[in-house]
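Taking it in order: structure first as structure tokens, then the write-up.
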Amino acid sequence: MAKKLNIRLVEAEYAITRLNVGTPLPSWLPGPGFWAVSSSREEMTLVCRAARVPSAVQSSLGWRCLRIEEHFAFDIPGVLSAVLEPLSKAGVGVFATSTFSTDYVFILGSDLDRALAALGEAGHTVTS
């Protein structure tokens, strides 16, 4: 994909949380900001603002959210890789997820400056 993307750095710190399969969705999950649930045979993963997650819940904290502002059809190739490739080359680990309309890429806050520089060098525009 040759197109350069508009990406927004979403306010707030996020948590990526692991629960056992079959656990009812907790009441603290829904709320302001992005939140998501995915489940497999092995685990259920929740993503939401870190401030809502109780300290006793197994979580990885300190994630920042990058939202691709454009909306693409599902079959347009290379949208997510246009973001992931420069981050990978810069040594930035990611957690990515999608909604019907767009993609979200989570990076650790400690990697934020390096990630923003890599995305800018790749020609993407990042705003907050």
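The values are calculated or read from the model by the stated rules, or taken from the named source; none is laboratory data. Fair warning: this is a prediction, and the values are worked out from it, not measured in the lab. Here the Cβ positions follow ideal geometry from the backbone for every residue, glycine too, while neighbour counts run over all protein chains shown.
The table that follows gives values for the structure above.
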read-out	value
Residue check for residue 114: under 18 Å from residue 8 (Cα atoms), in contact with a strand residue (DSSP E or B) (Cβ under 8 Å, 6 or more places away or on another chain) and of a type in the set (D, E, K, R)	no
Filtered residues of region 28-44 (kept if in contact with a Phe, Trp or Tyr (Cβ under 9 Å, 6 or more places away or on another chain) and either more than 20 Å from residue 109 (Cβ to Cβ) or outside any loop (DSSP other than H, G, I, E, B) (or both))	29, 36
Options 19, 25, 9; residue that is in contact (Cβ under 8 Å) with a residue 60 or more places away in the chain and among the aliphatic types (A, V, I, L, M)	9
Scope region 68-122; condition hydrophobic (A, V, I, L, M, F, W, C), farther than 14 Å from residue 5 by Cβ and assigned to a loop (DSSP other than H, G, I, E, B); matching residues	73, 74, 90, 92, 94, 100
Residue that is farthest from residue 38 (Cα to Cα) [pool: residues in region 55-101 that are exposed (fewer than 15 other Cβ atoms within 10 Å of the Cβ) and of a type in the set (Val, Ile, Thr)]	76
Boolean, residue 25 is farther than 25 Å from residue 114 by Cα, out of contact with any Gly (no Cβ under 9 Å at 6 or more places or on another chain) and outside any loop (DSSP other than H, G, I, E, B)	no
Selection from region 2-28 of residues that are on the phi < 0 side of the Ramachandran plot, out of contact with any His (no Cβ under 7 Å at 6 or more places or on another chain) and among the hydrophobic types (A, V, I, L, M, F, W, C)	2, 9, 10, 15, 16, 19, 21, 25, 28
Selected residue (only one of 47, 57, 10 is within 22 Å of residue 125 (Cβ to Cβ) and either out of contact with any Leu (no Cβ under 7 Å at 6 or more places or on another chain) or in a strand (DSSP E or B) (or both))	10
Verdict on residue 63 being in contact (Cβ under 8 Å) with a residue 12 or more places away in the chain, assigned to a loop (DSSP other than H, G, I, E, B) and among the aromatic types (Phe, Trp, Tyr)	no
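Quick grid of which residues meet (1) aliphatic (A, V, I, L, M); (2) at pLDDT 95 or above:
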site	(1), (2)
15	yes, yes
20	no, no
46	yes, yes
60	no, yes
80	yes, no
